[in-house]
Ligand code: ACO
């Protein structure tokens, strides 16, 4: 059996906000942001929603895969910033694109969300329940960010990426002898460190509670703890995935990592003893879009012809929860 990505798509808001624009809002500088994060600009929604961005990315992924929306069996949207609690974003996407035969639901694993969704689809397909799925990572984080907090507002952006995943009965083998498809996945969570990166929803409130709780509705982050977690856990998790696949970092052509911070990516490359040229990055142009960063980068690489048939990719992400994961794929 082969389970592989046959189409990718992405959608970004048109509005570009540069580091210089942020200098007008908070006490920061282009130099500080670039040096500490590698980010120069990000896209910010002027009304685009998690659902509309998701739907646009899905339509592009379907077009590339040569499929119609009616053929889709499952839609999984990974997001931590939906506009609606009910209905879920995946059902909104189903409605917009007309995927009338699909089952649809959301999943929240923050920045690891796209990987967790991909792994969920993989498990469904391996067990024969579904033959295909649209997997989406989509965020409008700009509404969760406190625009007076320089520690977080410089990091995040808005956007969506999607992949169409298909299962087929036969094995597909490339000229280099590699068997196409998802080779293995690793995922994990550490809830004990959940409050290192958090964002509250509504507190418990009802007719029987007289004392009202006040909460901040914005992202709260201990940046240094997140940094330590990422630089330790991501290489460990990738090593685990490589061991599971029976390969080493040398057998990998490209590491498509969650785009949070260039220093984190450089540190992971160093720990894996892999050349940094194997770690494509686009966070300078679009910042950290949580669950959307991996599929948006994947789409950029795919459409730009930078992924060749037979290439082996490691996708790896980490984020709030805390959560982490890695997936090995032969293209
Ligand atoms: N501009 C200027 N100064 C700033 C800014 C800013 N935007 N933000 C913080 N500072 C200041 C701080 O106030 C502090 O000043 P002080 O020394 O006077 O107190 C100083 O810079 C150093 O602050 P630190 O927090 O120690 O800076 P650090 O070197 O750790 O860099 C950063 C901060 C970039 C957030 C870093 O910790 C990091 O990258 N962490 C990982 C965060 C991350 O990737 N989060 C998202 C991942 S999970 C997800 O994607 C949802």
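Quote the FRET efficiency, to the nearest 0.05, computed for residue 201 versus residue 1 with a Förster distance R0 of 35 Å and r equal to the Cβ-Cβ distance. Could you put the intermediate results ahead of the total?
Details: r = 39 Å, r/R0 = 1.12.
Once rounded, the FRET efficiency stands at 0.35.
Report, as a whole number in µm² per second, the diffusion coefficient that Stokes-Einstein gives for the stretch 181-330 at 10 °C and 1.306 mPa s using the Kirkwood radius over alpha carbon pairs.
95 µm²/s
For a paramagnetic label modelled at 7 Å from the Cα of residue 147 toward its Cβ, which residues of the stretch 289-308 fall within the zone defined by backbone nitrogen distances under 19 Å?
Taking a point 7 Å out along Cα→Cβ of residue 147, the residues of the stretch 289-308 whose backbone N falls under 19 Å are 289.
Need the full-extension length gain, residue 271 to residue 21, defined as separation in residues times 0.36 nm minus the C-alpha distance. One decimal, nm.
Details: separation 250, 0.36 × 250 = 90.00 nm, distance 3.50 nm.
Gain in length upon complete extension: 86.5 nm.
So what's Rg/Rh here for the stretch 2-168, counting alpha carbon atoms and using the Kirkwood radius for Rh? Write out the running numbers ahead of the final one.
Working: Rg = 17.2 Å, Rh = 16.5 Å.
Rg/Rh: 1.04.
For residue 192 and residue 170, what does the FRET efficiency come to when R0 = 45 Å and r is the distance between their Cβ atoms, rounded to the nearest 0.05?
The calculated FRET efficiency here is 0.50.
Need the full-extension length gain, residue 220 to residue 68, defined as separation in residues times 0.36 nm minus the C-alpha distance. One decimal, nm.
Details: separation 152, 0.36 × 152 = 54.72 nm, distance 4.07 nm.
So the chain would gain 50.6 nm between residue 220 and residue 68.
The chain: Rg/Rh from Cα coordinates, Kirkwood Rh? If you can, show how the numbers build up before the last one.
On the way: Rg = 19.3 Å, Rh = 20.0 Å.
Radius of gyration over Kirkwood radius for the chain works out to 0.96.
Counting only C-alpha contacts under 8 Å and six or more residues apart, can you give the relative contact order of the chain as a whole percent? Before the final figure, lay out the partial values.
Values: 795 pairs, mean separation 85.6, N = 331.
Answer for the chain is 26 percent.
Mean residue ellipticity at 222 nm from the helices of the chain, using -39,500 (n - 2.57) per DSSP H segment of n ≥ 4 over the full residue count, to the nearest 500 deg cm²/dmol? It would help to have the intermediate numbers written out before the result.
Working: 10 runs with 105 residues, N = 331.
Theoretical 222 nm ellipticity from helices: -9500 deg cm²/dmol.
Just want the ordering: 101, 258, 239, from fewest to most Cβ atoms lying within 10 Å of their own Cβ.
Working: 101 12, 258 32, 239 16.
Fewest to most other Cβ atoms nearby, the residues stand as 101, 239, 258.
Read the figures in this text as sums done on the coordinates, not as results from a lab. Values in this document were obtained by computation on a predicted structure and should not be read as measured data. Please note: Cβ atoms are built from the backbone with ideal geometry, for glycine as well, and neighbour counts cover all protein chains shown.
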